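Participant: Submitted below is the structure of interest, expressed as structure tokens.
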């Protein structure tokens, strides 16, 4: 049996299951969104190998596992948070330890991604990318305005984005520095001046990078060593010029299949193997000078649009990978 963990509205998961059915495989279970931890049990010891049960499903009988989205949700009464915050914090940590242990055991089986891959650290990835031979933007994480000012003198144009969540940028309103908007954003001298005027110039450590001029952007979907690549011509549109994720629905960017150089593919494989990721979506920039600059990897990034625009049939490849795991068992 195949185990698939996802969101109920994730169309990519549905398409992969359609391929499984096309290949005649009906033995699968799909867990959607929040799977309550109180329906899961973990057995350690006894007959030796750790085992997990999710509802009536014994994970020992699972031949392959795909983590797409979703999570194991704590079963905590909502009233506890208000009246017993200390107890809530304690229980939250207990559930977190349990959740990671469940995910580790499930990931012992043949799998594509795991829940714990969601915790990949953006800064650790950048450091490993550089070790793997990939070029990266000059990056600074600081809460010190003097260091930031010196960085801005080195790089006249810089951008900022969140360390963990890619959907917000820093902004200032009513003397308070906080996260409000979307995606990567330019950081200007005027922003620095406003920081200096409030809170004695103190702010939480934030990520800043040298702005990299681009000829076009690249989205690469990685699956077990294979790279499915697409060029995104986002420069001609002011809305998407800084970050193509500021989608222009009225005038979409042109997207075409792209052949990555062999050396670049080898470096991507080296990075993914070092990070112990067998699947993920990578973002890169191709500069006007002909350089490839790595930005980040998202283990659960969207790939349906890349698959459809470029006729890659990634959903079919994922289904076939899961079926290979199944046939190895049977």
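Participant: Give me the residue from the range 22-41 that is out of contact with any strand residue (DSSP E or B) (no Cβ under 9 Å at 6 or more places or on another chain) and farther than 16 Å from residue 99 by Cα and, out of that set, modelled with the lowest pLDDT.
Facilitator: Keep residues of the range 22-41 that are out of contact with any strand residue (DSSP E or B) (no Cβ under 9 Å at 6 or more places or on another chain), which gives 22-24, 26, 38.
From what is left, the residues that are farther than 16 Å from residue 99 by Cα are 22-24, 26.
Numbers: 22: 96, 23: 95, 24: 94, 26: 91.
The qualifying residue modelled with the lowest pLDDT is 26.
Participant: Another question, then. Scan the range 275-293 and tell me whether some residue there is more than 16 Å from residue 233 (Cα to Cα), under 19 Å from the mean Cα position of the chain (by Cα), in the same structural domain as residue 232 (by TED's automatic domain parsing) and assigned to a helix (DSSP H, G or I).
Facilitator: Scanning the range 275-293 turns up no residue that is more than 16 Å from residue 233 (Cα to Cα), under 19 Å from the mean Cα position of the chain (by Cα), in the same structural domain as residue 232 (by TED's automatic domain parsing) and assigned to a helix (DSSP H, G or I).
Participant: Further question: Please go through the range 56-70 and pick out each residue that is closer than 20 Å to residue 36 by Cβ and assigned to a helix (DSSP H, G or I).
Facilitator: 59
Participant: Go through (1) surrounded by 13 or more Cβ atoms within 10 Å (Cβ to Cβ); (2) under 17 Å from residue 275 (Cα atoms); (3) without any contact (Cβ under 8 Å) to a residue 40 or more places away in the chain one by one and return the number of the condition residue 121 breaks.
Facilitator: Every listed condition holds for residue 121 apart from (1).
Participant: OK, next. Answer yes or no as to whether residue 241 is at pLDDT below 90 and either touching a helix residue (DSSP H, G or I) at 6+ places or on another chain (Cβ under 6 Å) or part of a helix (DSSP H, G or I) (or both). First the steps, then the outcome.
Facilitator: Values: at pLDDT below 90: yes; either touching a helix residue (DSSP H, G or I) at 6+ places or on another chain (Cβ under 6 Å) or part of a helix (DSSP H, G or I) (or both): no.
For residue 241, the condition - at pLDDT below 90 and either touching a helix residue (DSSP H, G or I) at 6+ places or on another chain (Cβ under 6 Å) or part of a helix (DSSP H, G or I) (or both) - is not met.
Participant: Considering only residues that are in contact with a strand residue (DSSP E or B) (Cβ under 8 Å, 6 or more places away or on another chain) and either surrounded by 13 or more Cβ atoms within 10 Å (Cβ to Cβ) or modelled with pLDDT under 85 (or both), which ones fall in the range 42-54? Talk me through it step by step, then tell me what you get.
Facilitator: Just the residues of the range 42-54 that are in contact with a strand residue (DSSP E or B) (Cβ under 8 Å, 6 or more places away or on another chain), to begin with: 42-44, 50-54.
Residues satisfying the conditions are 42, 43, 50, 51, 52, 53, 54.
Participant: Considering the range 261-274 alone, what residues qualify as being part of a helix (DSSP H, G or I) and over 20 Å from residue 65 (Cβ atoms)?
Facilitator: Of the range 261-274, the ones part of a helix (DSSP H, G or I) are 262-274.
Selection gives 262, 263, 264, 265, 266, 267, 268, 269, 270, 271, 274.
Participant: Starting from residues that are outside any strand (DSSP E or B) and within 20 Å of the chain's Cα centre (by Cα), keep the ones in the range 16-40 and report whichever is farthest from residue 65 (Cα to Cα). Quick ask: steps written out before the conclusion?
Facilitator: As a first pass, look at the range 16-40 and keep what is outside any strand (DSSP E or B): 16-27, 33, 37-39.
So of that shortlist, the ones also within 20 Å of the chain's Cα centre (by Cα) come out as 16, 33.
Working: 16: 13, 33: 16 Å.
My answer is 33.
Participant: Go through the range 294-319 and give me each residue that's under 16 Å from residue 113 (Cβ atoms), at pLDDT below 95 and in a helix (DSSP H, G or I).
Facilitator: 304
The values are calculated or read from the model by the stated rules, or taken from the named source; none is laboratory data. Bear in mind that the values here come from a model prediction, so they are computed numbers and not experimental data. Reconstructed Cβ throughout: ideal geometry from the backbone, glycine too, with neighbour counts over all protein chains shown.
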